[in-house]
Amino acid sequence: MASSAFAPPSSSLISHKHDFGLSPAKCKRSHSRRIVSVMAPQQTQRTPASTGSVKTAMTLTEKILARASEKPALMPGENVWVNVDILMTHDVCGPGSIGIFKREFGQNAKVWDREKVVIIPDHYIFTADERANRNVDILRDFCKEQDIKYFYDITDLSNFKVNPDYKGVCHVALAQEGHCRPGEVLLGTDSHTCTAGAFGQFATGIGNTDAGFVLGAGKILLKVPPTLRFVLDGEMPDYLLAKDLILQIIGEISVSGATYKAMEFVGSTVEGLNMEERMTLCNMVVEAGGKNGVVPPDSTTYKYLEGKTSLSYEPVYSDQTARFLSEYRFDVSKLEPLVAKPHSPDNRALARECKDVKIDRVYIGSCTGGKTEDFLAAAKVFLASGKKVKVPTFLVPATQKVWMDIYTMEVPGSGGKTCSQIFEEAGCDTPASPSCGACLGGPRDTYARMNEPKVCVSTTNRNFPGRMGHKEGQIYLASPYTAAASALTGYVTDPREFLH
Ligand code: SF4
């Protein structure tokens, strides 16, 4: 399928539009959040051209699925068999998926493609929990048996650095290791697999049963989602990060506002985001129920991919007349730093209006907020303040590469200091071994797990009861700027208090 390189302007086939960003929601309004109703997709007829060339206008997501299902055109709602480019699994869901694969395909069956299966232990790694350790052993045995090419193993838990293959959090590792490529289909047994949509690919989470099938067949039956388009324009204020943008969007459309829909992010602000920030944007689409998130690939994408993959890829873009179910417009220059209050990612509030929330700790980590750019952002706030943190501040790099960056990359404007030096001067905990850490609680001995009912500002993506451990813990989701600012005061704090 030919690709067309253009950024979509407003479509004549948009079912309806919404404009946001002029009056951001305030803390006291967060309980009566604005919910946007989404109409069912208009079923306009699409007929493939008899010449064989595709003339039916499609969105980026529809084009990827059409190519992967070897069809000239697709419509939202169609069920199609899709060829999978990458299947990722980890230590939580891998053993179950492997069990289903062996039960259905046979004990001696081989995976459909040993180079397209990526297995990443990352969730429950640095723990004495025997069942968690056993899960990694099961992955190792399977990868050896199947000669899996991409297995990022860890054998020595006492020092992650002596495990050269070990990476860390799967979604960040997938990108860093070059498994995310425009135009492809990437599935994973993890709901935040949608992160990889930042590369202009179709990426979504699947369950163990589907993964067991994909391991044997390399295909999956998928329903084509309709696409919601989010146009983010305007100059990004230097106190905002992508986390604020996605919290704004989820607060606007609610945790069910994009259920089984593609969320396509476009506009001048999105074009100005680096890859890690685009990953943050796509990472949280599942918190709005989204099937996948996607950012049209551009020179930023291609530059990031340089040297990371030797495989060719073919990007696709939404056609000018593609039909979007809804379009949402945001003037980013008018937005303010946000948090999502307990216990839902759409419980949006302005950080500056939550000063009354005293906190016990801050957590900077995860696939959402534990990337290099996230730590650079936190360091920027600590550097600007010159002060020490007032609550325990836990730092969990997503991957081994992020850990290395923290210790080697100089923070701009610091006179040559690294993030690690700035964190130490600010009194933060020493950066921990890379993994999912306490993002989802984990075994009781997990570093920084909330074993007591604490109040935490966290750069992670979910704040449901019990998510980071104790079921009565309270989690305020925030950007790394807001998390660092809150660490410095001991209450939820707008980062402008330090950045200006
Ligand atoms: S860091 Fe958290 S959200 Fe991300 S994959 Fe790990 S547990 Fe899931």
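The values are calculated or read from the model by the stated rules, or taken from the named source; none is laboratory data. Quick caveat, the model's predicted, so the values are computed rather than measured. Backbone-built Cβ (ideal geometry, glycine too); neighbour counts: all protein chains shown.
Annotations for the structure displayed:
- Annotation: Leu228 fulfils all but one of (1) in contact with a Ser or Thr (Cβ under 7 Å, 6 or more places away or on another chain); (2) surrounded by fewer than 24 Cβ atoms within 10 Å (Cβ to Cβ); (3) not polar (S, T, N, Q); (4) not assigned by TED's automatic domain parsing to the domain that holds Phe101; the unmet one is (2).
- Residues of the range 321-370 that are in contact with a Cys (Cβ under 7 Å, 6 or more places away or on another chain), away from the ligand (no atom under 16 Å from the Cβ) and of a type in the set (Gly, Ala, Ser): Ala349 alone.
- Lone unmet requirement of (1) part of a loop (DSSP other than H, G, I, E, B); (2) touching a residue at least 40 places away in the same chain (Cβ under 8 Å) for Glu287: (1)
- Number of positions in the range 73-95 that are of a type in the set (Val, Ile, Thr) and assigned to a loop (DSSP other than H, G, I, E, B): 2
- The number of residues in the range 195-220 being within 16 Å of the ligand (Cβ to nearest atom), surrounded by 19 or more Cβ atoms within 10 Å (Cβ to Cβ) and more than 17 Å from the chain's Cα centre (by Cα) comes to 2.
- Close contacts from the range 355-376, counting a first residue that is touching a residue at least 24 places away in the same chain (Cβ under 8 Å) and a second that is basic (Lys, Arg) and surrounded by fewer than 20 Cβ atoms within 10 Å (Cβ to Cβ), with Cβ to Cβ under 6 Å and a gap of 6+ residues or different chains, come to Asp360/Lys454; Arg361/Lys454.
- Of all residues in the range 231-242, those satisfying the criterion of being surrounded by 24 or more Cβ atoms within 10 Å (Cβ to Cβ) and either out of contact with any strand residue (DSSP E or B) (no Cβ under 9 Å at 6 or more places or on another chain) or not aliphatic (A, V, I, L, M) (or both) are Leu241, Ala242.
- Single residue of Leu383, Leu440 found to be touching a residue at least 12 places away in the same chain (Cβ under 8 Å) and within 15 Å of the ligand (Cβ to nearest atom): Leu440
- Filter result for the condition that a residue is β-branched (Val, Ile, Thr), in a helix (DSSP H, G or I) and modelled with pLDDT of 95 or more, over Ile119, Ile98: Ile98
- Residue selection: His192 fails the criterion of being modelled with pLDDT of 95 or more, within 13 Å of the ligand (Cβ to nearest atom), of a type outside the set (Gly, Ala, Ser) and more than 12 Å from Asn292 (Cα to Cα).
- Residue match in the range 306-313 (condition: away from the ligand (no atom under 16 Å from the Cβ), hydrophobic (A, V, I, L, M, F, W, C) and buried (at least 24 other Cβ atoms within 10 Å of the Cβ)): no
- Options Gly413, Gly441: the member that is touching a strand residue (DSSP E or B) at 6+ places or on another chain (Cβ under 9 Å) and either crowded, with 20+ Cβ neighbours inside 10 Å or farther than 21 Å from Tyr491 by Cα (or both): Gly441
- Tally, over the range 243-298, of residues that are touching a Phe, Trp or Tyr at 6+ places or on another chain (Cβ under 6 Å), under 24 Å from Leu350 (Cβ atoms) and surrounded by fewer than 24 Cβ atoms within 10 Å (Cβ to Cβ): 1
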